[in-house]
Amino acid sequence: MYKNDKVIRRYSEPFKLKILDELSKGKHTKSELCKLYSIAPTTVNEWIKKYNRKDLMNTRVKVETKDEISRIKALQNEIQQLKKLLLKKDLDAMVLDSYLEVAAEDLGYKSVAKQKKS
């Protein structure tokens, strides 16, 4: 066999169902089954989707208290206010730069940098 030759594994339907059955009965975790049978976790996830066994998918449950939710909202509002302030600051700086360019032109300087040196 050559280095670049890939091994393509085909699993029978009964084997796939056996793995899903073991997973649903809780005999082994998904990672244990993958190691035991040398199966990639993504392959098992594909089988779960194929056989519509969403109950076997990993789920993430996020529990938050009302205080946490209100704190998150307050922080999001603060972020929005800071973004607006930063935008205003940037716009003010652009306006000042424009004024400087006009003043330099009126005074006969070729560039703002030369005006700043004077």
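The values are calculated or read from the model by the stated rules, or taken from the named source; none is laboratory data. Quick caveat: nothing in here was measured; it's all calculated off a predicted structure. No Cβ is skipped: glycine too gets one built from the backbone with ideal geometry, and neighbour counts run over all protein chains shown. SASA here: full protein model, heavy atoms, side chains in, ligands and nucleic acids out. Shrake-Rupley method; radii C 1.70, N 1.55, O 1.52, S 1.80 Å.
Summary of values
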{"quantity": "Phi-based couplings in Hz for the range 7-23 (Karplus 6.51, -1.76, 1.60; Gly and Pro marked x)", "calculated": "8, 9, 9, 10, 10, 6, 4, x, 5, 4, 5, 5, 4, 5, 5, 4, 5"}
{"quantity": "Spin-label pair Lys89/His28, simplified geometry with 7 Å Cα→Cβ offset, distance in nm", "calculated": "5.7"}
{"quantity": "The range 1-71: chymotrypsin sites (Phe, Trp or Tyr not before Pro) in DSSP coil with no more than 14 other Cβ atoms inside 10 Å", "calculated": "Tyr2, Tyr11, Tyr51"}
{"quantity": "Accessible-area value, Leu17, 1.4 Å probe, nucleic acids and ligands omitted, Å²", "calculated": "90"}
{"quantity": "Matching label, percent of Cα pairs over 17 Å apart computed from the structure shown, candidates (i) 75; (ii) 57; (iii) 63", "calculated": "(i)"}
{"quantity": "222 nm mean residue ellipticity, helices alone, for the chain (DSSP H n ≥ 4; -39,500 (n - 2.57); rounded to 500)", "calculated": "-22000 deg cm²/dmol"}
{"quantity": "Net lengthening on full extension, Gln76/Val102 (0.36 nm per residue, minus Cα-Cα)", "calculated": "5.4 nm"}
{"quantity": "Accessible-area composition of the chain, carbon plus sulfur, in percent [1.4 Å probe]", "calculated": "55"}
{"quantity": "Using alpha-carbon coordinates, inclination of helix 41-50 to the longest axis of the chain, degrees", "calculated": "80"}
{"quantity": "Within the chain, longest stretch clear of exposed trypsin sites (Lys or Arg not before Pro) (DSSP loop, no more than 15 other Cβ within 10 Å)", "calculated": "63-109"}
